[in-house]
């Protein structure tokens with residue numbers, strides 16, 4: 001099999017189908033909901049999480065077994081049951097329509113896979129072994145979680161705001177590049193929010209003065 005092409009995609013309000021209602025299916029559903037997808041679950045049984053989300057109106061639960069249904073309305077389909085015949089039925093239904101399908105624990109039947117993900121606000125780090133070893137992907141994810149702590153969520157928000165400010169106020173490309181490079185120093189990550197903005201203002205000022213000095 002050729003290697004997968006990594007991509008980060010916006011699935012907000014996109015219709016997604018999950019077949020299955022157990023623990024694995026629940027994890028897949030939760031990830032889709034966090035991304036803002038319009039989720040439908042088909043399963044005659046479902047865990048507490050899926051039931052609660054259905055009661056809250058966060059997803060559509062069809063309390064029935066999977067059958068030959070029209071899957072073309074769904075952007076992505078995930079089969080996460082412990083019944084191989086059901087998973088194969090999902091696979092064939094989606095592939096006949098030319099859609100995107102993921103069969104849990106069967107990378108040979110997938111045309112897309114779901115990586116292990118570390119989320120820190122706007123920062124998304126994904127790890128995949130292309131289905132070769134999900135356990136290794138989870139292990140690497142845990143290592144990343146230890147290195148990239150929750151402080152990165154505010155730090156990335158800070159970078160986004162400062163970037164827009166610099167693009168609006170600093171016209172020189174060289175100055176912008178230097179400012180953006182300096183903002184990646186560890187001292188900005190380790191600082192408090194107030195300190196970050198004060199340091200950034202000082203940085204922009206110093207870079208501007210340095211540029212003026214070179215022009216004289």
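The values are calculated or read from the model by the stated rules, or taken from the named source; none is laboratory data. As the structure is a computational prediction, the values presented were derived from the model and not from experiment. Neighbour counts are summed over all protein chains in view; Cβ atoms, including those assigned to glycine, are modelled from backbone coordinates with ideal geometry.
Would you mention how many residues in segment 55-89 are within 24 Å of the chain's Cα centre (by Cα) and crowded, with 18+ Cβ neighbours inside 10 Å?
Of the residues in segment 55-89, 10 are within 24 Å of the chain's Cα centre (by Cα) and crowded, with 18+ Cβ neighbours inside 10 Å.
Within segment 115-129, does at least one residue satisfy the condition of being free of Cβ contacts under 8 Å to residues at least 60 places away in the same chain, farther than 20 Å from residue 3 by Cα, more than 18 Å from the chain's Cα centre (by Cα) and surrounded by 15 or more Cβ atoms within 10 Å (Cβ to Cβ)?
Checked against the condition, which is being free of Cβ contacts under 8 Å to residues at least 60 places away in the same chain, farther than 20 Å from residue 3 by Cα, more than 18 Å from the chain's Cα centre (by Cα) and surrounded by 15 or more Cβ atoms within 10 Å (Cβ to Cβ), segment 115-129 yields no hits at all.
In segment 153-181, which residues are more than 21 Å from residue 120 (Cα to Cα), touching a helix residue (DSSP H, G or I) at 6+ places or on another chain (Cβ under 6 Å) and not in a loop (DSSP other than H, G, I, E, B)?
166, 175, 176, 178, 179, listed by residue number.
Filter segment 107-138 for residues that are in contact with a strand residue (DSSP E or B) (Cβ under 9 Å, 6 or more places away or on another chain) and in a helix (DSSP H, G or I); which is modelled with the lowest pLDDT?
Checking each candidate, the answer is 134.
Out of all the residues in segment 143-152, which are more than 16 Å from residue 116 (Cα to Cα) and part of a loop (DSSP other than H, G, I, E, B)?
149, 150, listed by residue number.
When the residues of segment 182-200 are filtered to those that are out of contact with any helix residue (DSSP H, G or I) (no Cβ under 9 Å at 6 or more places or on another chain) and over 21 Å from residue 147 (Cα atoms), which remaining residue is surrounded by the fewest Cβ atoms within 10 Å (Cβ to Cβ)?
194
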